[in-house]
Amino acid sequence: MELRHLGRTGLRVSRIGLGTLTWGRDTGEHDAAGQLKAFWEAGGTLVDTADVYGDGGAEYLLGRLIEDLVPRRDLVVATKSGGVPDPDRRYDGSRGHLLAALDASLERLGTDYVDLWQVHAFDPYTPVEETLQSLDIAVSSGRARYAGVSNFCGWQLAKAGTWQLAAPGVRTRLASTQMEYSLLQRGIEREVLPAALDLGIGVLPSSPLGRGVLTGKYRHATPADSRGASDHLAAFVAPYLDEPAGRVVDAVATAADGLATTPLKVALAWVRDRPGVVAPIVGARNEQQLRAALSVEALTLPDEICRALDDVSAPVHRYPDQDWSTL
């Protein structure tokens with residue numbers, strides 16, 4: 001698998017990442033092992049998890065599989081901290097919480113360091129410089145090799161990225177930002193993507209298949225074994241089952257027919273090769289699904305297909321996102 005630099009750093013990662021959102025909950029050890037082995041055999045390196053996935057179960061499961069199944073040196077292990085089980089405050093970006101959470105993640109993962117440590121979301125109740133100092137401490141102490149953020153909007157990413165660049169050699173530059181991005185969710189193109197491109201921050205798209213909808217599996221019905229039929233994930237899929245999303249899915253299916261491939265590959269290839277994107281993070285239910293996604297490596301979409309998909313999925317961006325002088 002082709003490797004790409006993570007932002008403006010020396011770290012290279014596979015251009016498809018393996019997500020573990022369902023590990024330790026819906027995905028047991030047998031299926032997780034099959035996925036990790038298939039990913040590694042395909043040349044994949046970037047494995048993304050978080051301390052809240054499966055209430056820590058995803059990290060624990062990944063830690064059990066590392067070394068016994070796949071050499072630690074062959075993987076770029078990324079995790080996220082900051083999520084808390086508090087309905088009134090979903091994220092805690094305080095220095096105390098983040099560093100304690102990182103130590104707990106390292107214990108579950110059974111490793112002394114993670115390759116990429118990410119703040120899971122912006123915390124409006126904590127000064128951003130305090131949150132970012134946690135990244136500096138983690139890197140300087142050797143507990144993390146690189147640092148990034150997740151779910152920061154445009155101004156938040158620009159502020160954080162600029163703050164880190166203001167003291168080179170003292171503060172750790174942001175290597176990445178993880179955001180939802182797909183043909184069904186192009187919101188980051190308004191401000192996040194331009195900020196990332198300007199600051200040299202690599203984009204790691206989550207839900208690159210539109211929460212599974214872009215595979216076409218929901219075009220006629222909801223499969224009984226799908227996330228859309230799951231008690232705890234149905235609400236996650238539901239926003240992308242409306243009529244506008246259906247038009248995009250139909251266009252992806254038409255492109256796939258014309259290219260003699262699958263909608264999954266078309267949708268994944270589109271987001272993988274967008275400007276600023278380093279590696280879409282793919283979560284699969286089983287090894288077979290993951291192998292289907294990994295086979296996208298050989299596909300590059302023709303320019304005319306990309307333009308057609310761009311047009312049918314184009315978000316509405318008005319003032320001040322477009323050139324105001326033409327309004």
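The values are calculated or read from the model by the stated rules, or taken from the named source; none is laboratory data. Owing to the predicted nature of the structure, the values given are computational and were not obtained by experimental measurement. Methodologically, a virtual Cβ is constructed for each residue, glycine included, from the backbone with ideal geometry; neighbour enumeration extends over all protein chains shown. The protein model used for the area step is the full one, side chains on, heavy atoms only, and it has no ligands, DNA or RNA in it. Shrake-Rupley method; radii C 1.70, N 1.55, O 1.52, S 1.80 Å.
Which one of LEU214, LEU268, LEU290, LEU259 is of a type outside the set (D, E, K, R), at pLDDT 95 or above, over 29 Å from PRO194 (Cβ atoms) and crowded, with 23+ Cβ neighbours inside 10 Å? Exactly one residue qualifies, and that residue is LEU290.
Checked against (1) under 21 Å from the mean Cα position of the chain (by Cα); (2) on the phi < 0 side of the Ramachandran plot, ARG171 passes all but a single condition, namely (1). Residue by residue through segment 271-287, note down the ones that are more than 23 Å from ARG227 (Cβ to Cβ) and open to solvent by 50 Å² or more (accessible area, probe 1.4 Å). Selection gives ASP273, PRO275. Only one entry of THR126, THR111, THR131 meets the criterion of being part of a helix (DSSP H, G or I), of a type in the set (Val, Ile, Thr) and either out of contact with any Cys (no Cβ under 9 Å at 6 or more places or on another chain) or open to solvent by 60 Å² or more (accessible area, probe 1.4 Å) (or both), and that entry is THR131.
Scanning segment 143-160 for residues that are over 17 Å from ALA101 (Cβ atoms) and either part of a loop (DSSP other than H, G, I, E, B) or among the β-branched types (Val, Ile, Thr) (or both) yields a count of 2.
Output the residues belonging to segment 218-256 that are open to solvent by less than 70 Å² (accessible area, probe 1.4 Å) and in a loop (DSSP other than H, G, I, E, B). If the condition is that a residue be open to solvent by less than 70 Å² (accessible area, probe 1.4 Å) and in a loop (DSSP other than H, G, I, E, B), then TYR218, ALA221, PRO223, SER226, SER230, LEU233 are the ones that fit.
The residue list ALA175, ALA166 contains one member that is surrounded by 24 or more Cβ atoms within 10 Å (Cβ to Cβ) and either at pLDDT 95 or above or farther than 22 Å from LEU102 by Cα (or both), which is ALA175.
If you check ALA144 against the conditions, is it of a type in the set (A, V, I, L, M, F, W, C) and either crowded, with 24+ Cβ neighbours inside 10 Å or in contact (Cβ under 8 Å) with a residue 40 or more places away in the chain (or both)? So ALA144 fits the description; yes. Restricting attention to segment 41-59, does a residue exist that is surrounded by fewer than 17 Cβ atoms within 10 Å (Cβ to Cβ), over 24 Å from THR131 (Cα atoms) and either over 19 Å from the mean Cα position of the chain (by Cα) or charged (D, E, K, R) (or both)? Checked segment 41-59: at least one residue is surrounded by fewer than 17 Cβ atoms within 10 Å (Cβ to Cβ), over 24 Å from THR131 (Cα atoms) and either over 19 Å from the mean Cα position of the chain (by Cα) or charged (D, E, K, R) (or both). Applying the condition of being open to solvent by less than 10 Å² (accessible area, probe 1.4 Å) and in a loop (DSSP other than H, G, I, E, B) to segment 60-82 and asking which residue is farthest from LEU21 (Cα to Cα) yields LEU75. Quick one: which residue in LEU109, LEU98, LEU102 is more than 23 Å from ALA167 (Cα to Cα), in contact with a Gly (Cβ under 9 Å, 6 or more places away or on another chain) and modelled with pLDDT of 95 or more? None of the others qualify; the one that does is LEU109. Within segment 83-102, the set of residues being of a type in the set (A, V, I, L, M, F, W, C), under 20 Å from the mean Cα position of the chain (by Cα) and either open to solvent by 30 Å² or more (accessible area, probe 1.4 Å) or under 10 Å from ASP123 (Cβ atoms) (or both) comprises VAL84, LEU98.
Would you call TRP163 assigned to a strand (DSSP E or B), of a type in the set (Phe, Trp, Tyr) and in contact with a helix residue (DSSP H, G or I) (Cβ under 7 Å, 6 or more places away or on another chain)?
no
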